[in-house]
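FYI, it's all coordinate maths here, none of it is from the lab. None of the values given here were measured: they were computed from a predicted structure. Ideal geometry is used to build each Cβ from the backbone, glycine not excepted, and the neighbour counts take in all protein chains shown.
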Amino acid sequence: MTDDFERRHGFPPGTNEVRPAARDDQAPARTLAQVSLVPADLATFYDIVGDVTWEDVGNGYFVESAGDVLLRLDEYGAVDVGAAHKASDLVIGSNGGGLFYVVDPGGAVYRTRTASLDEPGLDRVADDLRQFLELLERSLSRFVANGEPGYL
């Protein structure tokens, strides 16, 4: 993806990586795993992956580190995004265009409709974290093939 990025766009590529979990990620991942709002597959994900940063795929795709998810949870609490989601959802990332990805305790992943978490409204994008990660992978593949990241 980044081989001829600078030639095509006129500036060097940003960070585009899936960063493996490092020693510094382990304590926040363990703490996050103990939070009752966290689906088991998200806790497992953070045992292996530190974060995902794809700055140059469309507007960007970001899955925050366990430490960043915990920091947001400590500072703002769980997200209350409507009647079906009473203060029980965690923001786990964003799309670089201002929209957030939110996971509910059952593991479903949603995307906010607005850049605000005050009253964002949600659209379900995946039934679980695995499906969400597969959609991210498809977005990357599509972007590499034709420059379009898709709708995620």
Computed over region 9-73, the distribution of all Cα-Cα distances in 5 Å bins, rounded to whole %, is 4, 18, 26, 20, 14, 9, 5, 3, 1, 0
Just to verify a number: FRET efficiency for ASP3 and SER116, C-beta to C-beta distance, R0 = 41 Å, to 0.05? 0.65
Dividing the convex hull volume of the Cα atoms of region 2-152 by its residue count, what figure in Å³ per residue is obtained? 111 Å³
Once every DSSP H run of n ≥ 4 in the chain is given -39500 (n - 2.57) and the sum is divided by its residues, what mean residue ellipticity at 222 nm do you get, rounded to the nearest 500 deg cm²/dmol? -10500 deg cm²/dmol
Would you mind calculating the relative contact order of the chain from Cα pairs under 8 angstrom and at least 6 residues apart, reporting the percent as a whole number? 17 percent
